[in-house]
Amino acid sequence: MSEILLVGEVNGGNLAEATAELIAHGKPLAESLTSSISVALLDQDSSSAAQEAISKGADKVYNIKDSLLGTYQTDAYLASLAKLIQEINPIAVLISKTEIGADIGARLAFRVDTGIVQDCIEVSVNSDNKIQANRPVFGGNCMATVVCESTPMMALIRPKTKEALEADSGRSGEIVDFNADLDESVIKNQVVERVEEVQEGIRLEDAARIVGGGRGMNGPEPFDNELKDLADTMGAAIGASRAAVDIGWVPYSYQIGLTGKKVAPDLYLLVGISGASQHMAGCSGSKNIVAINKDPDANIFKDSRFGVIGDWEKVLPALTQQLKELM
């Protein structure tokens with residue numbers, strides 16, 4: 001049976017949520033093509049993650065082993081994955097657009113002599129029984145459908161565009177140890193320093209509720225005061241638009257958008273954010289969007305379920321006080 005290979009990731013010994021979402025993307029594809037879902041894991045401690053991948057829908061897991069595969073290193077990952085792809089010859093390779101995925105995606109496609117569709121939100125099979133991918137273009141204002149003629153078809157898929165499947169502890173699958181047998185000469189780049197991103201409170205990517213601030217906040221102080229007070233009251237994470245980050249009001253780790261983090265909360269409350277397509281591309285999966293903006297013609301109101309036209313300096317304190325009384 002042909003295989004659809006997913007490039008998986010492990011966080012702290014557990015299967016990364018982005019990989020679980022990737023399996024959910026791959027399952028309908030596999031069913032349409034009568035194929036199986038295989039996940040490649042490159043981690044020295046991936047036994048628990050392998051079982052988790054099977055419970056979430058994988059049919060087979062390749063535990064890629066090599067002494068050079070400790071901490072993530074681009075060249076080692078590329079060489080290992082290229083070797084696996086050349087050996088099993090999958091019909092498609094799906095990669096989540098995480099930091100690692102974005103780093104190796106195009107490089108891996110070049111290494112195995114195929115094309116790659118970047119920043120996809122969906123993969124499917126068309127009427128000609130060919131794999132196609134949908135991706136936003138022109139800042140998210142249009143959707144392009146791309147059919148990749150090369151084999152294997154490769155796609156870099158945006159996280160938070162599909163919910164992971166429920167785990168089924170009764171599912172069975174095959175776990176295969178794959179020896180990459182790397183030579184140290186494959187390492188061309190050396191990591192000089194690793195800086196861990198530290199963010200207080202709830203991680204943006206995992207938050208069920210998010211409060212976001214933009215250029216309309218008029219400075220960095222409201223992020224630490226009014227916006228933080230509202231977020232604490234709601235049990236929400238704090239995000240920001242690219243404009244607020246570029247000005248230097250908040251660090252890049254807060255940025256939501258096409259060039260920032262992709263989020264899909266149950267509730268996203270935007271304050272002083274105009275709703276540019278670059279920002280909305282990062283929160284299109286939000287279940288409910290609520291906007292506060294003093295400009296009645298702001299684009300954000302086109303995407304909002306609810307909106308308040310008014311000055312945030314008047315609206316926010318009143319809203320926070322009401323929420324405190326209710327909660």
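Numbers below:
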{"read-out": "Residue, nearest to residue 238 (Cα to Cα), within the stretch 252-272, restricted to residues that are β-branched (Val, Ile, Thr) and part of a loop (DSSP other than H, G, I, E, B)", "value": "263"}
{"read-out": "Residue within the stretch 178-189 that is of a type in the set (Phe, Trp, Tyr), within 25 Å of residue 37 (Cα to Cα) and in the same structural domain as residue 28 (by TED's automatic domain parsing) present", "value": "yes"}
{"read-out": "Residue match in the stretch 78-97 (condition: among the small types (Gly, Ala, Ser), in a helix (DSSP H, G or I) and in contact with an Asp or Glu (Cβ under 9 Å, 6 or more places away or on another chain))", "value": "yes"}
{"read-out": "Tally, over the stretch 1-17, of residues that are in contact with a Ser or Thr (Cβ under 6 Å, 6 or more places away or on another chain), assigned to a strand (DSSP E or B) and under 16 Å from residue 78 (Cβ atoms)", "value": "1"}
{"read-out": "The one condition in (1) modelled with pLDDT of 95 or more; (2) assigned to a loop (DSSP other than H, G, I, E, B); (3) surrounded by fewer than 24 Cβ atoms within 10 Å (Cβ to Cβ) that residue 275 fails to fulfil", "value": "(1)"}
{"read-out": "Subset of the stretch 14-41 (residues that are in contact (Cβ under 8 Å) with a residue 60 or more places away in the chain and either farther than 22 Å from residue 1 by Cβ or basic (Lys, Arg) (or both))", "value": "16, 17, 18, 20, 21, 27"}
{"read-out": "Yes/no for residue 241 being among the hydroxyl-bearing types (Ser, Thr, Tyr) and in contact with an Asp or Glu (Cβ under 9 Å, 6 or more places away or on another chain)", "value": "no"}
{"read-out": "Extreme residue, surrounded by the fewest Cβ atoms within 10 Å (Cβ to Cβ), among residues of the stretch 285-295 that are touching a Gly at 6+ places or on another chain (Cβ under 9 Å) and over 15 Å from residue 240 (Cα atoms)", "value": "295"}
{"read-out": "Residues being in a strand (DSSP E or B) and free of Cβ contacts under 8 Å to residues at least 24 places away in the same chain - total across the stretch 278-313", "value": "7"}
{"read-out": "Exclusive hit being more than 19 Å from residue 160 (Cα to Cα), in contact with a Gly (Cβ under 7 Å, 6 or more places away or on another chain) and of a type in the set (Val, Ile, Thr), set 308, 315, 271", "value": "271"}
{"read-out": "Selection status of residue 62, modelled with pLDDT of 95 or more and assigned by TED's automatic domain parsing to the domain that holds residue 43", "value": "yes"}
{"read-out": "Test: residue in the stretch 252-260 that is touching a strand residue (DSSP E or B) at 6+ places or on another chain (Cβ under 6 Å), modelled with pLDDT under 90, crowded, with 24+ Cβ neighbours inside 10 Å and in the same structural domain as residue 213 (by TED's automatic domain parsing)", "value": "no"}
{"read-out": "Qualifying residue in the stretch 28-46 (condition: farther than 27 Å from residue 125 by Cα, surrounded by fewer than 23 Cβ atoms within 10 Å (Cβ to Cβ) and out of contact with any helix residue (DSSP H, G or I) (no Cβ under 8 Å at 6 or more places or on another chain))", "value": "yes"}
{"read-out": "Selected residue (criterion: surrounded by the most Cβ atoms within 10 Å (Cβ to Cβ)) from residues of the stretch 241-251 that are among the hydrophobic types (A, V, I, L, M, F, W, C) and in contact with a Pro (Cβ under 9 Å, 6 or more places away or on another chain)", "value": "244"}
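Yes/no per residue for (1) more than 14 Å from residue 149 (Cα to Cα); (2) surrounded by 15 or more Cβ atoms within 10 Å (Cβ to Cβ):
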residue	(1), (2)
76	yes, yes
80	yes, yes
85	yes, yes
98	yes, yes
110	yes, no
116	no, yes
120	yes, yes
126	no, no
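The values are calculated or read from the model by the stated rules, or taken from the named source; none is laboratory data. Everything numeric here is computed off the predicted structure, so don't read it as measured data. All Cβ positions, glycine included, derive from the backbone under ideal geometry; neighbour counts span all protein chains shown.
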